[in-house]
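I have placed the structure first, in the form of structure tokens, so that the comments after it can refer back to it.
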Amino acid sequence: SGGRDVPAEIRTVLRNNAFALLPIVAFKAVKARLDLWWVKTSVDPSFDEDEFLAGAVEAYSTVQAHFADNNMHALEHMLDPEVFAAFRDTWIEYDRHNLGIELTVHKNEHPVVVGACMTMEEEEEE
């Protein structure tokens, strides 16, 4: 139904909020480009952004498939505990209301990094 079941005032709020986020997303994308450049030049000259993005697209599809199949065991090992809890709780609500999930995966042909974070662990002294 493409949003026709959603009241017009809610659609307007959602649309206006999405447009308000564009400058933030654009800034994060530029920052991510700089972070990836730093990784390539300073940390790992062999870093391949295209290979990284292909792996990210595959991981995203895998997470979606495991969620649709209610494979929480696989998800638990792939996700941060807080993210896993959100997936688990969502599935519980779907189940409670007798809702199912129909998954159609459309491969993202043009993935873009919109955020990057790198942490370095200190080596322990012996």
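Taken together, the values in this text are just the output of simple stated rules run on the coordinates, not laboratory data. Treat the numbers as computed from the prediction; the structure is a model and nothing was measured.
The figures follow:
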item	result
Dimensionless Rg ratio for the stretch 20-126, taking C-alpha atoms and the 2.2 N^0.38 Å reference	1.36
Phi-based couplings in Hz for the stretch 51-61 (Karplus 6.51, -1.76, 1.60; Gly and Pro marked x)	5, 4, 5, 4, x, 5, 4, 5, 4, 4, 5
Compactness relative to 2.2 N^0.38 Å, alpha carbon Rg of the stretch 26-87	1.43
